[in-house]
1. What pairs come out if I take residues in the stretch 421-439 that are touching a residue at least 12 places away in the same chain (Cβ under 8 Å) and pair them with residues that are of a type in the set (S, T, Y) and in a helix (DSSP H, G or I) whose C-beta lies under 6 Å away, six or more apart or interchain?
2. Quick one: what pairs do we get from the stretch 58-84, first residue on the phi > 0 side of the Ramachandran plot, second surrounded by 17 or more Cβ atoms within 10 Å (Cβ to Cβ), C-beta under 8 Å, 6+ apart or different chains?
3. Could you please give the count of residues in the stretch 91-129 that are over 13 Å from I191 (Cβ atoms) and either part of a strand (DSSP E or B) or not assigned by TED's automatic domain parsing to the domain that holds V164 (or both)?
4. Which of (1) assigned by TED's automatic domain parsing to the domain that holds T422; (2) on the phi > 0 side of the Ramachandran plot; (3) among the small types (G, A, S) does A373 not meet, given it meets every other one?
5. Here are the criteria: (1) within 16 Å of R139 (Cα to Cα); (2) not in a helix (DSSP H, G or I). Tell me which single one G155 does not satisfy.
6. May I ask you to list the residues in the stretch 62-75 that are more than 17 Å from V262 (Cα to Cα) and either part of a loop (DSSP other than H, G, I, E, B) or modelled with pLDDT under 95 (or both)?
7. Need a quick list: helices (runs of 4 or more DSSP H) entirely within the stretch 236-329 having at least 2 residues that are free of Cβ contacts under 8 Å to residues at least 60 places away in the same chain and either buried (at least 16 other Cβ atoms within 10 Å of the Cβ) or of a type in the set (V, I, T) (or both).
8. Could you give me the residue pairs with C-beta distances under 8 Å whose first residue belongs to the stretch 162-179 and is in a strand (DSSP E or B), whose second residue is polar (S, T, N, Q) wherever it lies, and which are 6+ apart or on separate chains?
Amino acid sequence: MSDTVRVRFAPSPTGSVHIGNIRAAVFNWLFARHAGGKFLLRIEDTDLVRSTKEAIDKVLDAMRWLGLDWDEDVVYQTHNAADHLAAVERLLSTGAAYKAVKESVDPATGERKSGEVVLFRMPKEGRIEYDDLVKGHMRKKAEDTQDFVIVRSDGSPVFHIANVVDDIKQGVTHIIRGDDHVENTFKHIQIFKALGAPVPKYAHLPMIVNAQGKPYSKRDGAAFVGEFKEQGYLPEALFNFLVLLGWAPGDDREVMSRQELVEAFSLDRCKASPARFDMKKLLWMNGEYIARQPHEVFKAELSERLAAAGLPPAPLGCSLDALVPPVQIRTKTLSDLPGNCEYFFKEDVSYDPAAVEKRLKKPGVKALLSSFADAFAAMPEFTAAATEAFVHGEAEKIGEDGKPVGMGTLVHPIRVAVSGRTEGPGLFEMLELLGRDRVVRRLRSASSLAS
């Protein structure tokens, strides 16, 4: 493809940016970058009540955060109202549109009122057809369509005419948007033709659904770009994940760099069936991206969040540089920090009640913790290798039931006793980082919580 490819993202800024909308922006951006074309941004701000500066800023912030840079100046639809109305006059002059009096209900008062509107005249015979780059050949009988309003009784142009006229003015060659716009496309194609403009190629992306196959919404979890940012997801991870909602590279790759995605992207690999939003997969992918961050980048993020939580800048018993690798590899979202490692920075352990109930409130745990405290205190050296070898040896001993005790029976209570949590860095690495004296002290203290 050449640089003649021109695509656009045209959001209506009426609040927070939904992941379904930003997914369309991601696909447009990738298509343009793969083709060496232009990615345009048009703010369809004709809803003057909801299209506030704050709402527009949320769109721009979401795009910048995800790295969706646009070419050329941002176009604001309200600035093109004169062009929209001029196009309507052309349609009226050719008979492609006509005026009529219609009744409407005032949403503020509920009163019925009538006024003159302009309607676009749809064909009454034959079929409207086009080849969708994702859904295949689409057709609709003309008799199944109806004329529709393009100018309201207050003289303001409706979305349909504004959208098409702006696409013509911007020279848009491909329109990539959600499949909730399929019915609009049948209308828009006729407007393009009536204005004597070339019809762009269309690609309608599959709907994003939840596990039950219903449209993904706020009820299913985070649904807006800002929420994912607040919850500690990396923009690179969310971008990668969104690309895989309705598209696949054709091999088994999932975690892909921005450049790899640009090189591999094509609309013929888009799927027409609904795309299921798998939060577990996103969480896994975010963890993969966090694990791949440069040491200094993750360290800076951890330091910033430690300061925000009022914790000291350096951990107890080890350096921050030593702590970063084991914490980083197990961090799934940045919002996990510093909560999942605060026991490295505070002498007093905050115990998770559920962890205590599950791992410490069992027969024999009290004696187990006391015996490990004594054993660790007497070990010639206190290293990850030494503690692991010792615990392995204890796990292989035969219990009262005639079977080996097992690692899980020992590892889980020790972890909760020294950290207050059921998850974290590898236990033996954690013990070495905390240091012998601190570990022994915590084991003895936790024994008072155990049964």
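The values are calculated or read from the model by the stated rules, or taken from the named source; none is laboratory data. As the structure is a computational prediction, the values presented were derived from the model and not from experiment. Here the Cβ positions follow ideal geometry from the backbone for every residue, glycine too, while neighbour counts run over all protein chains shown.
1. F428/T387; L431/T387
2. From residues that are on the phi > 0 side of the Ramachandran plot, the pairs are G67/P235; G67/E236; G67/F239; E72/K38; E72/L40.
3. Residues that pass the stated criteria total 16.
4. (2)
5. G155 satisfies every listed condition except (1).
6. Scanning the stretch 62-75 gives E72, D73, V74.
7. The qualifying helices (runs of 4 or more DSSP H) are 279-291, 295-308, 320-328.
8. I175/T185; I176/N28; G178/N21
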